[in-house]
Amino acid sequence: MFGVAVFLATAVLLIFLAGLALGKLLPSWEWIHQRRFIKPLGVMGILGGLGAIFLILRIGDTFGFPGSSDYLIYERFNRSMAFVLGFQLCAILAFVSANFDQLRPFSQKVAAVLLAGWLSMGIGTAVEFWLFSGLPYAELNLRSFSFSLFSMGSLIVGISMLILGIGILWRRSATLPFGFIFVLYLPLEVALFIRGDSIFLTPAVGALLIGLLAILQDMRRG
């Protein structure tokens with residue numbers, strides 16, 4: 001139990017450190033302040049959301065132990081999902097690019113942590129199923145640490161969205177539609193987890209809606 005706690009705490013620390021680093025770097029990245037990247041990023045995010053939903057419906061988020069026939073399907077599903085999460089990250093980048101200069105400094109830092117959390121989800125999934133897929137479950141190994149990166153990244157994404165959403169709704173800014181999505185993300189994630197639905201479903205829906213809203217927002221601005 002102590003080893004698991006160490007893995008989880010280390011994952012959280014790494015994600016927050018990455019978020020702090022991104023928070024310092026984002027203002028200096030010129031493309032963040034340029035609108036021409038919003039639509040391509042939004043489209044990639046939408047494709048990531050649709051791709052995840054297709055995989056969930058087509059393959060199914062099944063489970064199997066290494067060596068079993070079910071595991072081959074499970075492994076293929078998660079290996080594909082690692083790439084899909086990368087596309088979904090583009091939806092968050094589209095939101096950041098479209099609204100970064102309008103966010104207050106604290107919200108900019110929260111957005112950076114959100115990006116780091118989503119990136120951690122993708123890296124954790126990729127590392128677990130592309131590098132350490134042969135390792136056993138329920139042991140203190142690199143597979144368990146990879147899953148810690150995913151699970152803590154998922155939690156940090158939900159909390160970051162909640163904080164961002166509350167801030168947006170409180171200020172009643174032009175980004176109000178994003179606020180509703182961000183606030184509802186974590187409750188939806190918890191509800192779907194309790195129902196036993198795929199852990200990838202909420203990110204898929206979130207990326208789909210956020211990417212679409214970022215494109216519509218950019219189109220309204222002309």
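Here are some notes:
- Residue in region 97-117 that is within 10 Å of the chain's Cα centre (by Cα) and under 27 Å from TYR137 (Cα atoms) present: yes
- The residues listed here are SER154, SER107, SER146; of these, the one that is more than 20 Å from LEU184 (Cα to Cα) and buried (at least 19 other Cβ atoms within 10 Å of the Cβ) is SER146.
- When residues of region 41-55 are limited to those that are out of contact with any helix residue (DSSP H, G or I) (no Cβ under 6 Å at 6 or more places or on another chain) and in contact (Cβ under 8 Å) with a residue 24 or more places away in the chain, the one surrounded by the fewest Cβ atoms within 10 Å (Cβ to Cβ): LEU50
- Among the conditions (1) within 26 Å of MET161 (Cβ to Cβ); (2) surrounded by 12 or more Cβ atoms within 10 Å (Cβ to Cβ); (3) of a type in the set (A, V, I, L, M, F, W, C), ALA5 misses just one, which is (2).
- Residue ID - surrounded by the most Cβ atoms within 10 Å (Cβ to Cβ), chosen from residues in region 160-203 that are more than 17 Å from LEU103 (Cβ to Cβ) and among the β-branched types (Val, Ile, Thr): THR202
- Tally of residues being farther than 23 Å from VAL183 by Cβ, touching a residue at least 60 places away in the same chain (Cβ under 8 Å) and assigned to a helix (DSSP H, G or I) across region 125-163: 4
- For first residues located in region 12-38 and within 15 Å of ASP101 (Cβ to Cβ), partners that are of a type in the set (Ser, Thr, Tyr) and in a helix (DSSP H, G or I) and lie 6+ apart or on another chain with Cβ distances below 9 Å form the pairs TRP31/SER97; ILE32/SER97; HIS33/SER97; GLN34/SER97; ARG35/SER97; PHE37/SER97; ILE38/SER97.
- Within region 44-86, tally of residues that are part of a helix (DSSP H, G or I) and over 18 Å from LEU201 (Cα atoms): 4
- The residues listed here are LEU17, LEU22; of these, the one that is modelled with pLDDT under 90, of a type in the set (A, V, I, L, M), part of a helix (DSSP H, G or I) and surrounded by fewer than 21 Cβ atoms within 10 Å (Cβ to Cβ) is LEU22.
- Among the criteria (1) more than 18 Å from ALA204 (Cβ to Cβ); (2) buried (at least 24 other Cβ atoms within 10 Å of the Cβ), the one GLY117 does not fulfil is (1).
- Qualifying residue in region 71-79 (condition: within 18 Å of GLY153 (Cα to Cα) and within 17 Å of the chain's Cα centre (by Cα)): yes
The values are calculated or read from the model by the stated rules, or taken from the named source; none is laboratory data. All of these numbers come straight from a predicted model, not from anything done at the bench. With ideal geometry, Cβ positions are generated from the backbone for all residues, glycine too; neighbour counts draw on all protein chains shown.
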